[in-house]
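The values are calculated or read from the model by the stated rules, or taken from the named source; none is laboratory data. Please read all numbers here as calculations on a predicted model, not as lab measurements. Methodologically, a virtual Cβ is constructed for each residue, glycine included, from the backbone with ideal geometry; neighbour enumeration extends over all protein chains shown. Ligands, DNA and RNA are excluded from the accessible area calculation, which covers all protein heavy atoms including side chains. Shrake-Rupley method; radii C 1.70, N 1.55, O 1.52, S 1.80 Å.
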Amino acid sequence: MSGNPRIKKKSYDDNSNDRYSRSDSRDNKSRSYKRSNSREKRSNKRSRSRSRDKNYNNDDSKLECRELFVGNVIAKNCTEEQVKQFLNQSMREAGLIVGDPNIDPIIKCRLNTKFCFIEFNNSANCNNGMILNGIPFMGALLRVGRPERFPGPHLPTKTWQEHMLSRQTLIPNNSSVPSMPLIPSNTLILDPNTRHYREIFIGNTNDEMTTQALSEFLSNLLINMCLTNINNNENPIVSIRHNGKFSFVECRTLEDAANLLNFNGVPFLNHSLRLNRPSKFESNNSYTFYNWEELLATWQNGQLKVQTAGPISRVLCISNMVNLNDLNDPFLYAELLEDTRMQCQRFGQVLSIIAPRYNPNLDSNLNKGVGKVFVCMSNEQDAIRALIELKGKKFDNSTVDVKFYSEVLFHNQNYHCDSLSAVITKQGPIAIEQLIPALATITKRV
C-alpha cells in the first residue's frame, strides 16, 4: 500500500521554509542583543563622560580623593611613622596646610617595600600634598602622585623644588622678581684686593636674564635662607657682568660669595644655573659645598638653620621682626613682647624677653641691639626647636632671622654684638680664612 493518504509528508520545500524561519528568529535575537548592547555602551559612555566632567579634587567622601602614592622610598629601616611625621612637618614648614597648621594633614601611612600610600584628612590638603613631589628624604627624591583609581581630573601642580624656590625668593611661578634697588658700588667701602675672592662665575644663563633680575634673584636667595648678614633692605650682590650664556657676580662680602656656591643647580627662568669659582681660583679643596637640592633638604630638616645660627646657647637673637613704631608705642611694645613670648612658649619655658629701645644717652655701638628681640629659653634643646620653627618666617615682607646669642653678653645687658659671619659647607660652618688661605697675606678685607 501507498500509506495513509491523510498524512501529508513534509516536502523538501517545507523543511527549507522552517529552517529559514528558525534562522530569521536567530537573526532577530542577535539584532535585539546588539541593539541592547549598543544602548548599554552608549549609557556607559555618557556615564563616563559625566564622571570626567565632575571634579573629584574637592570630594572628601571618597578615599581615592584623599590619598596619594609615594614612590622611591628606598631608605632602609624606614617606618610608616617616620614618613608620616616627615611629610607632615614638611607641609607645615612650606605653608601647605589648609586650616589649623597645628593639626597634621596626613592621618595614615601604608608603607610597602619601596613605596607607600598616604591618607589626608581632607581633599584640600591632599591637593597641596601633590607639591611634595621631588622632596628629598633620606638620600632620595620622593615621587608623589595620584593613585591609579583617582577619577580625576589631574590638575597641574608645582614640584617641591619649584614651590620652595618661589617661597624662599617670593617670586611667584619663577616668572617675575620683586623690586629691589641695587646698591650703588660707590656707596660701599670695598677692598679691591679681595675682588677676585668676591666673584662667582654663573653658567647656563641666557639673554632674557637681565643683570637686575639676576641680582635680585640671587640676593633674595641669600637673604631668605639666612646665608648673609646683610639686612633685608640691602643687596649682598654689588654688580653683575652679563655676557649671554654666562655671567660674573661680584658679592659684597667674602662670605656671601662663598655661600652663593651652595646654590649650584638652582632653577631660574627654566634654566638650571651653574655656580662656580672663576678659573685659576685657589682655595682649600678639603671643603665641599651643597647643591641646590641638598641645600633645600638641609633647610627642611633644620640642619642649615642651626648651622647659620652660631654657637648653640639658650639665648636667641631675633632680627627683622621689629619696626620703630613697635618700640616707640607703649601698647605696641607690650604686644610685641607678649606675642613673642606666646610664640616661643610652644617649644618650652621662656625665662625672659628683651627688646632694646633706642637710648640717646648711649654710644651708637650700644644701640645696635635696637630692632632685635632677645629670648632666653630654659634649656638649649628648647632654644634649638624655637630657632628651627621661627627662622625663615615672613614678617611684614621681611625674612625673620634667628641666631644664638652669648648668655654672658645677654646677662650683662650687652645686646650690640653681632654674630660672626661664617661660610656654610658640607663639613659645617667655617671661617673664610679656612677656605681661602691666601687671605692671610691680605691685611685689608671686607
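If I filter the stretch 68-94 down to residues being in a helix (DSSP H, G or I) and open to solvent by less than 30 Å² (accessible area, probe 1.4 Å), which single residue comes out as modelled with the lowest pLDDT? Top of the filtered list is GLU93. Entry remark, the stretch 189-205: residues being surrounded by 12 or more Cβ atoms within 10 Å (Cβ to Cβ) and assigned to a loop (DSSP other than H, G, I, E, B) number 4 in total. Filtering SER219, SER215, SER166 for residues that are open to solvent by less than 80 Å² (accessible area, probe 1.4 Å), under 28 Å from LYS403 (Cα atoms), at pLDDT below 85 and outside any loop (DSSP other than H, G, I, E, B) leaves a single hit, SER166.
Considering the stretch 307-336, the residues that are buried (at least 18 other Cβ atoms within 10 Å of the Cβ) and among the hydrophobic types (A, V, I, L, M, F, W, C) include one that is farthest from THR425 (Cα to Cα), namely LEU336. Close contacts from the stretch 339-358, counting a first residue that is under 21 Å from LEU324 (Cα atoms) and open to solvent by 40 Å² or more (accessible area, probe 1.4 Å) and a second that is among the aromatic types (Phe, Trp, Tyr) and assigned to a loop (DSSP other than H, G, I, E, B), with Cβ to Cβ under 9 Å and a gap of 6+ residues or different chains, come to ILE354/TYR415. In summary, strands (runs of 3 or more DSSP E) completely within the stretch 103-152 and bearing 1 or more residues that are within 18 Å of SER90 (Cα to Cα) and of a type in the set (Phe, Trp, Tyr) occur at 115-120. Under the condition of being within 29 Å of LEU260 (Cβ to Cβ), surrounded by fewer than 20 Cβ atoms within 10 Å (Cβ to Cβ) and either modelled with pLDDT of 85 or more or among the hydrophobic types (A, V, I, L, M, F, W, C) (or both), the residues counted in the stretch 389-422 number 6.
Report, ordered by the first and then the second residue, all pairs with beta carbons closer than 6 Å, sequence separation of six or more or different chains, a first member in the stretch 93-114 that is more than 15 Å from GLU81 (Cβ to Cβ), and a second member that is in a strand (DSSP E or B) and open to solvent by less than 80 Å² (accessible area, probe 1.4 Å). Taking only residues 6 or more apart or on different chains, the pairs are PRO105/PHE120. Of the residues ILE106, ILE131, ILE118, ILE97, the single one that is in contact with a Ser or Thr (Cβ under 7 Å, 6 or more places away or on another chain), β-branched (Val, Ile, Thr) and open to solvent by less than 60 Å² (accessible area, probe 1.4 Å) is ILE131. Checked against the criterion of being open to solvent by 30 Å² or more (accessible area, probe 1.4 Å), in contact with a strand residue (DSSP E or B) (Cβ under 9 Å, 6 or more places away or on another chain), closer than 29 Å to ILE135 by Cβ and in a strand (DSSP E or B), the stretch 280-298 contains one or more residues that satisfy it.
In the stretch 370-383, the qualifying residues are those that are open to solvent by less than 30 Å² (accessible area, probe 1.4 Å) and part of a helix (DSSP H, G or I), and the one that is nearest to VAL315 (Cα to Cα) is ALA383. Residues that are closer than 21 Å to TRP299 by Cβ and surrounded by 21 or more Cβ atoms within 10 Å (Cβ to Cβ) within the stretch 230-252 comprise PRO236, ILE237, CYS251, listed in sequence order. Scanning the stretch 322-346 for residues that are of a type outside the set (Asp, Glu) and out of contact with any helix residue (DSSP H, G or I) (no Cβ under 8 Å at 6 or more places or on another chain) yields ASN323, LEU324, ASN328, PRO330, PHE331, ALA334, LEU337, THR340, ARG341, MET342, GLN345.
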